[in-house]
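Let me begin by presenting the structure, written as structure tokens, before commenting on it.
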Amino acid sequence: MEEMRRTSGAPMFDRRAAGAMRNSNRRSTDWIGRRFSRRVVSVSDWKIWKAVAAGILADRGPRRRALTGFAAALLAMFAVGLWGIDGWLAESIWRFAIYWLLCAGLALFVMLFALFDLLATLREERDR
């Protein structure tokens, strides 16, 4: 088999060389970087996402749109859990518990986000 590849004129594929090339192209992790699915999230990525979050939280319009989206996702999760996959959830206590704990976590997040929006709106109006 090895002889056939060499005589056919096709270039040989060296897996070790390809692996070394692939590994050399990766960015090194620093003390704050983390690996997620073979990709390094660096400090600059964190700063970008922090700036995006700050932009959403600082302005009333995007903040309300985000809150509306999270509330709609929560209502959709409730509807799917009550009418869509209720039989599947009833088959296992673990599925049931995990699903409804996720819904409860999202509900808590929406309530805290609404409280933040209320306090931010009060501060904006007071500063006017």
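The values are calculated or read from the model by the stated rules, or taken from the named source; none is laboratory data. The shown structure was predicted, so the numbers you read here are calculated from the model rather than taken from an experiment. Reconstructed Cβ throughout: ideal geometry from the backbone, glycine too, with neighbour counts over all protein chains shown.
The set of residues in region 74-104 that are part of a helix (DSSP H, G or I) and either closer than 22 Å to Ala54 by Cα or hydroxyl-bearing (Ser, Thr, Tyr) (or both) contains only Tyr99. Inspect all residues belonging to region 88-98 and state whether any of them is surrounded by 11 or more Cβ atoms within 10 Å (Cβ to Cβ) and in contact (Cβ under 8 Å) with a residue 12 or more places away in the chain. Checked against the condition, which is being surrounded by 11 or more Cβ atoms within 10 Å (Cβ to Cβ) and in contact (Cβ under 8 Å) with a residue 12 or more places away in the chain, region 88-98 yields no hits at all.
In region 66-84, the qualifying residues are those that are closer than 23 Å to Thr121 by Cα and either surrounded by fewer than 12 Cβ atoms within 10 Å (Cβ to Cβ) or not assigned by TED's automatic domain parsing to the domain that holds Ile98 (or both), and the one that is nearest to the chain's Cα centre (by Cα) is Gly69.
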